[in-house]
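**Student:** Structure in structure tokens, see below.
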Amino acid sequence: RGSCGEVVTGLKTGKINRFLKRFWEVPEYKDWIPYPKGGKNTWMLPVIKYSVDWRNDGALIRRYPGPTQGLKGNYFRSGITFNIEKRSGRRFGLMPKISIYSEKGVAIFSDVSKWKLLAYLNSRMVTYLMLGQNVDRSWKVGMVAKLPWFSELADYQGLETATQEIVGNLYGLRQSDFHSPHYQGPLLPRLLPSKTQP
């Protein structure tokens, strides 16, 4: 038994209206970076609705005298993010490499397979372990960091397969969800045969 990984808190901008925009307000990821900030849809494949102003390596945020933190964080790494405040225990999801995690969309980095770790963290057992530490809905960074990892789980291939299937299904649903960054258009036209087909 060992630790499941490193659990870290991220960037707090100090001024949401100035440094954050909705994902549909920015044309690309060059200057505005996806910013996991919790929310109810964090399970398995989080809906990342916000982008943070990261022009010149976050120079504007660094100049702001507000309560910023985590500016030296190890960003732009693939990991797992989770919502520290949510009604249910299903609150862990994949965090893409091109993202900057927040103080509410905390990040977990581990050498363990992200698919297996994601299955474990969303299990009922982990929910019970967390409720044993705190019956409140708020899961603090220090509490999640105490969660054990059982090395026997690394040998169980079923965890990885099941998690990938769930994420794939969610991605398919989000492609038709107008409020999702994965939106690609209404479902019906995409189901119709292409005109180029014989």
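**Student:** Look at Tyr128 and say whether it is out of contact with any strand residue (DSSP E or B) (no Cβ under 7 Å at 6 or more places or on another chain) and more than 30 Å from Glu25 (Cα to Cα).
**Tutor:** It is true that Tyr128 is out of contact with any strand residue (DSSP E or B) (no Cβ under 7 Å at 6 or more places or on another chain) and more than 30 Å from Glu25 (Cα to Cα).
**Student:** Something else about it: For the subset of the range 129-180 comprising residues that are polar (S, T, N, Q) and in contact (Cβ under 8 Å) with a residue 60 or more places away in the chain, which member is farthest from Lys86 (Cα to Cα)? Lay out the reasoning, then the answer.
**Tutor:** Taking the range 129-180 and keeping what is polar (S, T, N, Q), we get 133-134, 138, 151, 157, 161, 163-164, 169, 175-176, 180.
After this cut, where a residue has to be in contact (Cβ under 8 Å) with a residue 60 or more places away in the chain as well, the list is 151, 163, 180.
Values: Ser151: 28, Thr163: 21, Ser180: 19 Å.
Per the stated criteria, the residue is Ser151.
**Student:** While we're looking at this one, here's another question. Taking the residues in the range 21-57 that are within 13 Å of Leu94 (Cα to Cα) and of a type in the set (A, V, I, L, M, F, W, C) as candidates, determine which candidate is most open to solvent (accessible area, probe 1.4 Å).
**Tutor:** Ranking the qualifying residues of the range 21-57, first place goes to Trp43.
**Student:** Cβ contacts < 6 Å: first residue of a type in the set (Gly, Ala, Ser), restricted to the range 34-51; second residue part of a loop (DSSP other than H, G, I, E, B) and at pLDDT 85 or above, any location; separation 6+ or different chain. Result?
**Tutor:** Correct list of pairs: Ser51/Tyr35.
**Student:** Taking the options Leu131, Leu159, Leu188, name whichever one is at pLDDT 80 or above, open to solvent by 40 Å² or more (accessible area, probe 1.4 Å) and not in a loop (DSSP other than H, G, I, E, B).
**Tutor:** None of the others qualify; the one that does is Leu131.
**Student:** Specify which of the listed residues (Arg137, Arg91, Arg124) is among the charged types (D, E, K, R) and within 15 Å of the chain's Cα centre (by Cα). Please lay out each step first, then the result.
**Tutor:** Numbers: Arg137 fails: within 15 Å of the chain's Cα centre (by Cα); Arg124 fails: within 15 Å of the chain's Cα centre (by Cα).
Result of the check over Arg137, Arg91, Arg124: Arg91.
**Student:** Which ones in the range 77-105 are among the β-branched types (Val, Ile, Thr), open to solvent by less than 10 Å² (accessible area, probe 1.4 Å) and farther than 18 Å from Pro148 by Cα? Outline the logic, then answer.
**Tutor:** Going residue by residue through the range 77-105, those that are among the β-branched types (Val, Ile, Thr) are 80-81, 84, 98, 100.
Then drop every residue that is not open to solvent by less than 10 Å² (accessible area, probe 1.4 Å), which leaves 80-81, 100.
Matches in the range 77-105: Ile100 only.
**Student:** In the range 56-78, is there at least one residue being in contact (Cβ under 8 Å) with a residue 12 or more places away in the chain and part of a helix (DSSP H, G or I)?
**Tutor:** yes
The values are calculated or read from the model by the stated rules, or taken from the named source; none is laboratory data. Predicted, not measured: the structure shown is a model, and the values here were computed from it. Backbone-built Cβ (ideal geometry, glycine too); neighbour counts: all protein chains shown. To get the accessible areas, we keep the full protein, side chains included, count just its heavy atoms, and leave off ligands, DNA and RNA. Shrake-Rupley method; radii C 1.70, N 1.55, O 1.52, S 1.80 Å.
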